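Quick notes on the structure that follows.
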Amino acid sequence: MRIAWLLLISLAAGIVASAQDPINVDPAHYRLVFENAHMRVLEYRDKPGDKAPMHSHPAYMTYVTGPARTKITLRDGRSILDEAKGSAFACNPPTRHATENVGPTDVHELIVEFKGSDNPCSGMIREASVRDRLIGTWRLVSDVAFRSEGPPEPEYGPHPLGYLMYDKTGHMCVTLANPNPPHWADPTKPTDRERALTHKTMEAYCGRYEVREEEGQVIHRPELAEWPHYIGSDQVRNFRLEGDRLILSLEETPPNGERHRYEITWERVAKEMQ
């Protein structure tokens, strides 16, 4: 009976793998060139505007013969733009994705899929970390304050503006603002009251950051900030990633205010696809 169950499980796994096999999912673009016990070689061709549905690859190496611009949609809904100059090899971890040719030229690509963990790419590939996924530019979607009494309120108006940037060197910058601040009667001589009102309609700081994956936190360490008490502090933000959106949450007490809980939603800024 146990052997029968094992055979059934193996068969089911084979069916799932086969269903995600690019040769079966997208025979119009993929062609089998060669296969043995260690690897499989596929040829891929498409034209501008062509799409390949969701499919999977084990660890694999690619060789693109010419320039290519490809929109890659991952299984969690995130989309990234891959730009290849051509005539270059790349190693990739196991993945499941859909692709779209968003460039102006045809794409011709050779793909070597490895059947074991011991392969030429094994020391060169790794799964993307949360820190890798944070790197880039994010546009503000909403910034909501939850107070002890009353409904949630937008902190910077119903249509706030803002950008959050994380780079590979461990630095970050963030700005949040109400797009309709009070205007100064005389731009060359703002009054103290006008300056104070402007200060209340925006927030900005830059510095270093640290990601703590297990705790689900990113720590911002401002080195310059609109609020002086931020400088040299650890600003702890709980985070979660939902597709192309990053949600940060925190609790803090603003100057001369009461303690609030905030939830700030950001959306990844994609590269221009023209």
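What follows draws every value from the coordinates through simple rules; no lab data is involved. Small disclaimer: the values here were computed from a predicted structure and weren't measured. Virtual Cβ from ideal backbone geometry, glycine too; neighbours counted across all protein chains shown.
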**OP:** Using every Cα-Cα pair within the stretch 132-268, state what percent have a distance larger than 23 Å.
**Re:** 35
**OP:** Report, in cubic angstrom per residue, the convex hull volume of the C-alpha atoms of the chain.
**Re:** 211
Subject >> Share of pairwise Cα separations in the stretch 21-125, more than 19 Å, in percent >> reply: 41
**OP:** Within the stretch 149-163, which residues have the backbone N less than 19 Å from the label spot 7 Å out from Arg245 along Cα→beta-carbon, could you tell me?
**Re:** 152-163
Subject >> Calculated diffusion of the stretch 200-256, Stokes-Einstein form, Kirkwood radius summed over Cα pairs, 37 °C and 0.692 mPa s, µm²/s >> reply: 264
Subject >> Alpha carbon centroid spacing (whole Å) that separates the stretch 202-245 from the stretch 70-121 >> reply: 32
**OP:** Can you tell me which of 101-112, 77-88 comes out highest on packing, and rank the rest after it, using the mean Cβ neighbours within 10 Å?
**Re:** 101-112, 77-88
**OP:** Considering Cα pairs under 8 angstrom that are at least six residues apart, work out the relative contact order of the stretch 21-125 and quote it in whole percent.
**Re:** 35
**OP:** Please report the relative contact order for the stretch 188-248, taking Cα pairs under 8 Å with a sequence separation of at least 6, and give it as a percent rounded to a whole number.
**Re:** 23
Subject >> Candidates Leu250, Leu176, Leu241, ranked by Gaussian network fluctuation over the chain, Cα under 10 Å, top entry >> reply: Leu250
Subject >> Over the chain, relative contact order from alpha-carbon pairs under 8 Å, at least 6 apart, % >> reply: 14
**OP:** Take the Cβ-Cβ distance between Glu210 and Met54 as r, set R0 to 35 Å, and report the resulting FRET efficiency rounded to the nearest 0.05.
**Re:** 0.55
**OP:** Under a 10 Å cutoff between Cα atoms, tell me which one of Cys173, Cys121, Cys206 has the largest fluctuation in the Gaussian network model of the chain.
**Re:** Cys121
**OP:** Check the cysteines of the chain one by one and keep only those with no other cysteine Cβ under 4.7 Å from their own.
**Re:** none
**OP:** Report, in cubic angstrom per residue, the convex hull volume of the C-alpha atoms of the stretch 86-156.
**Re:** 218
Original post:
By counting other Cβ atoms within 10 Å of each Cβ, how are Ile264, Ile231, Ile247 ranked from fewest to most?
Top reply: Ile231, Ile247, Ile264
Original post:
Across the chain, how many lysine pairs, 8 or more apart or on two chains, come within less than 19 Å at their alpha-carbon atoms?
Top reply: 9
Original post:
Could you give me the ³J(HN,Hα) list for the stretch 179-192, computed from phi with Karplus coefficients 6.51, -1.76, 1.60 and θ = phi - 60°, whole Hz, x at Gly and Pro?
Top reply: x, 10, x, x, 8, 7, 4, 10, x, 8, 9, x, 7, 4
**OP:** Please find, in a Gaussian network model of the chain (springs between Cα atoms separated by less than 10 Å), the residue of Thr137, Thr70, Thr188 whose mean-square fluctuation is greatest.
**Re:** Thr188
